[in-house]
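Undergrad: Quick one: structure below, then a few questions.
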Amino acid sequence: MDKSKQPFHKSKRSFRRRLPPIGSGDRVDYRNMSLISRFLSEQGKILSRRANRLTLKQQRLITIAIKQARILSSLPFRNNEKQLERVESIPRTTGRSYNQK
């Protein structure tokens, strides 16, 4: 049989089912920082549902918990650690000195 006329066959891969990121015993609460921090990016943004592999209901609960923690100052609204390091490492120089005449 010609290669061009062979039927398309999917390769049989063994798929390993991934464990859900939120277990049945985990309580989604604004006080559960270890759980909440898993769903935040390095910049402090809430990760998408697709990236988290959450159901719609779980994503809503996580989002509400993160927002409550931010309002109660348990979490920062933004994580500026990288920006602070960059600003501190770059010396500030002005183009013109006002003390000179």
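The values are calculated or read from the model by the stated rules, or taken from the named source; none is laboratory data. Nothing here was measured: the structure is a model prediction, and the numbers come from that model. Surface areas here come from the heavy atoms of the whole protein model, side chains and all, with no ligands, DNA or RNA. Shrake-Rupley method; radii C 1.70, N 1.55, O 1.52, S 1.80 Å.
Undergrad: If you wrap a convex hull around the alpha carbons of region 33-72, what volume per residue comes out, as a whole number of Å³?
TA: 61 Å³
Undergrad: Moving on. Ignoring ligands, DNA and RNA, what accessible area per residue does region 33-72 give at 1.4 Å, in Å²?
TA: 66 Å²
Undergrad: With θ set to phi - 60° and the Karplus curve 6.51 cos²θ - 1.76 cosθ + 1.60, what are the ³J(HN,Hα) couplings of region 20-33 in order, to the nearest whole Hz, using x for Gly and Pro?
TA: x, x, 10, x, 5, x, 6, 9, 7, 8, 5, 8, 8, 5
Undergrad: Same structure, new question: Pull out the extension gain between F8 and L72, defined as 0.36 nm times the separation in residues minus the alpha carbon to alpha carbon distance; nm, one decimal.
TA: 17.4 nm
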